[in-house]
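Inspection log for the structure reproduced underneath, given as structure tokens.
The values are calculated or read from the model by the stated rules, or taken from the named source; none is laboratory data. Everything numeric here is computed off the predicted structure, so don't read it as measured data. Quick reminder, even Gly has a Cβ in these numbers, built from the backbone with ideal geometry, and neighbours come from all protein chains shown. In case anyone asks, the SASA skips ligands and DNA or RNA and just uses the protein heavy atoms, side chains included. Shrake-Rupley method; radii C 1.70, N 1.55, O 1.52, S 1.80 Å.
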Amino acid sequence: EAACKNRPLDLVFIIDSSRSVRPEEFEEVKVFLSKMIDTLDVGERTTRVAVMNYASTVKVEFPLRTYFDKASMKEAVSHIEPLSAGTMTGLAIQTAMDEVFTEEMGTRPATFNIPKVVIIVTDGRPQDQVQDVAASARTSGIKIYAVGVGRADMQSLRVMASEPLDEHVFYVETYGVIEKLTSKFRETFCAVNVCALGTHDCEQICVSNGGSYLCDCYAGYTLSPDKRTCSAVDMCEPGRHECDQICVSNNGSYVCECYEGYILNPDKKTCSAMDMCARGRHDCAQVCVSNDGSYSCDCFEGYTLNPDKKTCSAVDMCAPGRHDCEQVCVRDDLFYTCDCYQGYTLNPDKKTCSRAITSSLLTNEESCKCEAIAALQDSVTSRLEALSMKYILF
């Protein structure tokens with residue numbers, strides 16, 4: 001039969017070689033593997049194949065990266081020897097995840113969209129737990145086919161296999177007829193997939209649709225009217241983004257930014273006002289006044305803001321209208337004191353002035369002398385006035 005030409009796979013066979021599998025039966029399993037290889041389009045860029053052998057222990061006979069031609073692969077299969085002993089199926093599945101389905105061992109990156117497939121062939125019941133490990137494998141993207149032979153436990157097969165079970169669980173009565181499953185697997189793996197063939201003309205994403213296909217686009221792009229090419233969406237259109245303030249379109253995606261005076265929060269969407277008066281953020285000479293993401297400058301008492309709205313100059317506190325001194329204002333750097341004219345004294349309020357009383361400065365003795373002098377002056381004056389009158393009369 002012609003090999004599959006249209007669906008690359010990363011395919012791993014896990015074969016049971018426990019004590020229950022007789023040597024001649026194990027040879028029939030190897031024939032089955034060889035026939036399966038014949039039906040596949042084997043190659044580095046097409047289907048890669050690995051084989052694992054298990055019983056109580058697990059052996060990776062060859063990983064996905066080893067052989068890319070059928071002849072070498074079939075030669076390696078022919079030399080596989082049974083391990084004998086128990087049936088540790090769960091361990092085998094776990095080993096496949098840990099040691100075979102890795103890029104180091106030949107599995108292609110997820111971006112290649114190559115299906116990861118496991119075919120388990122067993123004739124017994126697992127001697128370890130398979131339910132959780134099989135579920136983990138399926139969750140990681142591995143599709144599991146379970147093939148039971150003869151005395152195989154059907155419930156265990158169903159626990160291991162992917163859904164739908166009727167497409168992923170197979171049973172044959174003996175190893176002698178296992179070869180008939182080859183054509184069934186070929187039909188399964190060779191379903192037409194135009195996207196896998198690479199014959200489509202989608203610019204970004206090809207979606208298989210039966211025997212045909214549809215084109216789709218990556219996130220941030222929209223399908224053009226020709227249904228093949230894609231155009232970047234303006235992610236900053238209203239309703240498309242979650243930015244609190246500014247949305248910056250970025251080739252089918254977007255980033256958020258903030259207005260001046262705001263800073264982007266850790267959620268990369270919302271913004272918070274910056275303290276513009278924090279050290280190093282403003283250029284005010286004296287006082288910075290924060291104002292919702294902005295700021296203004298002010299000055300200390302005794303200074304006034306210059307026209308540049310940043311620096312300050314000292315105020316003349318004795319300029320008219322700036323002080324409350326009644327008579328004299330004396331400037332003292334940024335402050336002032338009040339004083340009075342000669343003959344006046346400053347009142348207790350330190351602002352107003354009263355006429356000075358000099359008499360209070362005389363002693364009692366001086367006061368008496370003054371009174372005597374005043375009396376003498378009065379007497380002399382009266383005498384002079386009397387003499388004047390007499391002189392006039394005569």
Mind checking which residues of the range 92-116 are buried (at least 21 other Cβ atoms within 10 Å of the Cβ) and either among the aliphatic types (A, V, I, L, M) or not assigned by the TED database to the domain that holds residue 15 (or both)? 92, 93, 96, 100
Condition check for residue 316: within 60 Å of the chain's Cα centre (by Cα), modelled with pLDDT under 85 and closer than 30 Å to residue 277 by Cα: yes
Right, residue 24: within 21 Å of residue 82 (Cβ to Cβ) and surrounded by fewer than 22 Cβ atoms within 10 Å (Cβ to Cβ) or not? yes
Residue 163 fails exactly one of the following numbered conditions: (1) at pLDDT below 95; (2) under 20 Å from residue 13 (Cβ atoms); (3) not in a helix (DSSP H, G or I). What is the number of that condition? (2)
Taking interchain pairs and intrachain pairs at least six residues apart, which have beta carbon atoms under 9 angstrom, with the first residue in the range 239-257 and at positive phi and open to solvent by less than 80 Å² (accessible area, probe 1.4 Å) and the second at pLDDT 80 or above and in a loop (DSSP other than H, G, I, E, B)? 252/217; 252/218; 252/233; 252/235
State yes or no: is residue 35 more than 16 Å from residue 122 (Cα to Cα), open to solvent by 40 Å² or more (accessible area, probe 1.4 Å), modelled with pLDDT under 95 and assigned by the TED database to the domain that holds residue 89? yes
Name every residue in the range 261-271 that is open to solvent by 50 Å² or more (accessible area, probe 1.4 Å) and more than 15 Å from the chain's Cα centre (by Cα), in order of residue number. 262, 263
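Every residue, every condition in (1) open to solvent by 80 Å² or more (accessible area, probe 1.4 Å); (2) among the acidic types (Asp, Glu), yes or no:
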{"site": "310", "(1), (2)": "yes, no"}
{"site": "314", "(1), (2)": "no, no"}
{"site": "318", "(1), (2)": "no, no"}
{"site": "326", "(1), (2)": "yes, yes"}
{"site": "331", "(1), (2)": "yes, no"}
{"site": "334", "(1), (2)": "no, no"}
{"site": "347", "(1), (2)": "no, no"}
For the range 153-192, name all the residues that are touching a strand residue (DSSP E or B) at 6+ places or on another chain (Cβ under 6 Å), of a type in the set (Phe, Trp, Tyr) and either surrounded by 14 or more Cβ atoms within 10 Å (Cβ to Cβ) or more than 13 Å from residue 124 (Cα to Cα) (or both). 170, 175
Inside the range 136-171, the number of residues satisfying the requirement of being among the β-branched types (Val, Ile, Thr), in contact (Cβ under 8 Å) with a residue 12 or more places away in the chain and within 21 Å of residue 113 (Cβ to Cβ) is 2
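Going by what's in this entry, would residue 121 be described as out of contact with any Ser or Thr (no Cβ under 9 Å at 6 or more places or on another chain), open to solvent by less than 40 Å² (accessible area, probe 1.4 Å) and at pLDDT 95 or above?
It is true that residue 121 is out of contact with any Ser or Thr (no Cβ under 9 Å at 6 or more places or on another chain), open to solvent by less than 40 Å² (accessible area, probe 1.4 Å) and at pLDDT 95 or above.
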Which of the residues belonging to the range 288-308 are open to solvent by less than 40 Å² (accessible area, probe 1.4 Å) and either β-branched (Val, Ile, Thr) or under 45 Å from the mean Cα position of the chain (by Cα) (or both)? 288, 293, 297, 299
If I ask for residues that are within 17 Å of the chain's Cα centre (by Cα) and in a strand (DSSP E or B), which ones from the range 236-258 would you list? 247, 248, 250, 253, 254, 255, 256, 257
